[in-house]
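Report on one structure; see the data block that follows.
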Amino acid sequence: MFIVIRKHNILLVLLVLLLAVSIFGLTYASGNTAPVSNIAYKPIKIMLDPGHGGEDPGAVSDYSGVREKDLNLDVAFKLKTLLEEFGYEVVMTRETDTLHYPDDTPGYTAKRREDLNNRKRMMDETDANIIVSIHMNKFGQTKYFGAQTFYPVKSNDSKKLADSIQNQIKQLVDPNNEREPQGTKQELIILKNNAKTICIVECGFLSNQEEEKLLQDSDYRQKIAQAIKAGIDDYFKE
């Protein structure tokens with residue numbers, strides 16, 4: 001009887017030890033993996049601003065009547081898709097053909113200003129890492145062509161972003177584009193006193209007949225979106 005009890009006790013002790021080792025192993029494993037699982041991945045957030053909209057057509061082509069506001073929105077949606085496929089989080093100042101203003105706003109000029117003020121508020125309040133505003137250019141003279149980026153002259157980060165996008169536009173869209181990123185002191189509402197990293201991309205000239213035809217081509221606008229996305233990638237790599 002005494003011998004049987006000892007064997008039983010030995011087995012019991014071994015079972016307790018085995019259980020203790022198992023618990024320790026689970027605890028150790030949990031201790032090693034918990035910090036990783038508890039880290040909330042926060043993607044880079046980008047705000048896209050398709051210029052104009054609604055009653056404000058922006059630049060209008062004298063050749064075909066194509067409106068800047070429509071091209072801006074299309075490029076922005078193409079860019080949004082590319083960015084989201086790569087893991088960026090994207091927000092937009094507009095996703096429809098509208099301006100945003102109070103219902104009692106009188107007249108076109110006041111509505112346009114209210115919309116710009118609203119966009120500026122959105123930019124000020126966003127937690128986006130960068131802001132990219134999409135536009136088309138137009139001059140009185142038809143000889144000018146080529147996409148160009150603009151940034152607030154006092155912002156080094158905005159200059160870096162504008163440089164990165166301009167470089168990729170040259171590489172992927174038009175190697176003959178000799179335009180350089182331009183710092184601006186103009187009193188543009190979206191740039192005025194903007195503490196965020198922001199640049200404006202003028203995707204080309206609707207006043208240049210050859211470039212206007214290109215800008216009406218969906219594949220060409222896709223190429224522009226790809227170049228902007230590549231420039232954004234470069235900005236965050238540096």
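The values are calculated or read from the model by the stated rules, or taken from the named source; none is laboratory data. Because the structure is predicted, anything quoted here is derived from the model rather than measured. Please note: Cβ atoms are built from the backbone with ideal geometry, for glycine as well, and neighbour counts cover all protein chains shown.
Per-structure values
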read-out: Counted residues, the stretch 169-187 - those being in a helix (DSSP H, G or I) and either surrounded by 21 or more Cβ atoms within 10 Å (Cβ to Cβ) or of a type in the set (Val, Ile, Thr) (or both); value: 1
read-out: Scan of the stretch 123-164 for residues that are crowded, with 24+ Cβ neighbours inside 10 Å, within 18 Å of Asn194 (Cβ to Cβ) and either aliphatic (A, V, I, L, M) or more than 17 Å from the chain's Cα centre (by Cα) (or both), ordered by number; value: Ile131, Val132, Ile134, Pro152, Leu161, Ala162
read-out: Failed condition for Ile190, given (1) part of a loop (DSSP other than H, G, I, E, B); (2) surrounded by fewer than 18 Cβ atoms within 10 Å (Cβ to Cβ); value: (2)
read-out: Failed criterion for Ile198 (all others in (1) at pLDDT 95 or above; (2) surrounded by fewer than 23 Cβ atoms within 10 Å (Cβ to Cβ) hold); value: (2)
read-out: Complete set of residues in the stretch 193-212 that are among the small types (Gly, Ala, Ser) and either in a strand (DSSP E or B) or within 15 Å of Ile224 (Cα to Cα) (or both); value: Gly204
read-out: Selection from the stretch 83-111 of residues that are farther than 17 Å from Ile131 by Cβ and either hydroxyl-bearing (Ser, Thr, Tyr) or crowded, with 19+ Cβ neighbours inside 10 Å (or both); value: Thr96, Thr98, Leu99, Tyr101, Thr105, Tyr108, Thr109
read-out: Residues of the stretch 186-211 that turn out to be charged (D, E, K, R) and closer than 16 Å to Gln148 by Cβ, as a count; value: 2
